[in-house]
Structures are given as C-alpha cells and as structure tokens.
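Beneath this line is the structure, given in structure tokens, with notes to follow.
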Amino acid sequence: MVRAVLDTTTLATFTTAGEKSLMRILAHRWLIEEAFQAVISAYIYAELEGVLHKKYFQSRLTHEQIIAYLQTVKESSTLVTLYSSIRGVAPHAKDDPVIATAIDGNAQYIVTGDKAFERIRLIQSGIRIMSPVDFLHELDKTNRLRQEQAA
C-alpha cells in the first residue's frame, strides 16, 4: 500500500475544504476509500492540534469538530516514533521532523502545500515530495498500473 506523510498544512486544510474541492477529494481517498496509508508522528499530531486551536480554525469549527477530527486523524493514521535525526534538509527547520516521519515511517511520499518544501521534490532516500494535487494524480496512476497488472 502507498504510504504518505501528510504535513500539518494539508491535514488542517481538510477541515475547511469545500465539498467538491481537491482537498476534500484527497481526504475522501484517504479516509473512505483507504487508497493510501497516512503516516504521522507525535510531532505532526501536536503541530496539527496547535494549528486547529488557532483563531482561524476556531472561528470555522466547533470545539467538538476539532476534537472529532483529531481523533479521526489518530485512528486513521500510522503513528511512528521518530528515530532519525534530520537537520538542515527542509527549507524550514520545523519541517525536518516531517522528513524524519517519512523516513521512519517508510513512506514513499510527503504531501505538502508548502511551495518551498515542495521544491525539494526528492529526498536521498527516495521519498518524493509533492503537492496534494500531484499526489492525487500519482494515486490515480498507481491505481491504473495495479488494474493493468491484475488484468
């Protein structure tokens, strides 16, 4: 199964995305279709929790919705312990633990809306960094290949 680290921006955006938006489609592919396994670490979870308690999200979501979403993320993701020490790889130091999450979680992808982070494209260990839109295209391509191989 495809394993992907969804960064905090991506995870938080799911909560306010429009019904037919690409972000909502990606969330559906993860949570309903189980087209990929999301990988998170305590670092990403804590960062998400902090972001969702900021004014922007609190003005759009109830406290109960925030708690329910955090629970969904926890239950629908593989939580990995960080052993890798990554420094100076990401454009922002706060994103180095996201890379460590991908490495320690054996993820093939990091999905991010951060353009500077996305520009890295590929980490030495073979982990690809891409936007949510590009990741959706990659999932579609992977599914087509599997269907062709099964036929």
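A short reminder: the numbers here are calculations on the coordinates, not readings from a lab. Note that the structure is a prediction, hence the values are computed from the model and not measured. Quick reminder, even Gly has a Cβ in these numbers, built from the backbone with ideal geometry, and neighbours come from all protein chains shown.
Data overview
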quantity	calculated
Nonlocal amide H pairs with Leu6, under 5 Å, H built at 1.01 Å	Val39, Val111
Phi-based couplings in Hz for segment 130-141 (Karplus 6.51, -1.76, 1.60; Gly and Pro marked x)	8, 6, x, 5, 5, 5, 4, 4, 5, 4, 4, 5
Sites Asp140 and Ala68 - FRET efficiency at Förster radius 25 Å, r taken between beta-carbons, to 0.05	0.30
Within segment 57-77: backbone nitrogen closer than 20 Å to the Ile32 label point (7 Å, Cα to C-beta)	65-66, 68-77
Order of Val80, Val111 under a 10 Å beta carbon neighbour criterion, fewest first	Val80, Val111
Filtered trypsin sites (Lys or Arg not before Pro), segment 1-44: DSSP coil and at most 11 other beta carbons within 10 Å	Lys20
Fewest-first ranking of Ser59, Ser76, using other Cβ atoms within 10 Å as the exposure measure	Ser59, Ser76
Relative contact order (%) - criterion: Cα under 8 Å, at least six apart; region: the chain	27 percent
Rounded FRET efficiency, nearest 0.05, which uses the C-beta distance separating Gln58 from Ala150 and R0 of 41 Å	0.35
Theoretical ellipticity at 222 nm over the chain - DSSP helices of four or more residues, -39500 (n - 2.57) apiece, nearest 500	-15000 deg cm²/dmol
For Val80, distant residues with modelled amide H under 5 Å away	Ile40, Ser41, Ala42
Spatial extent of segment 3-150: Rg and Dmax, with the Cα atoms as the point set, Å	15.0, 48
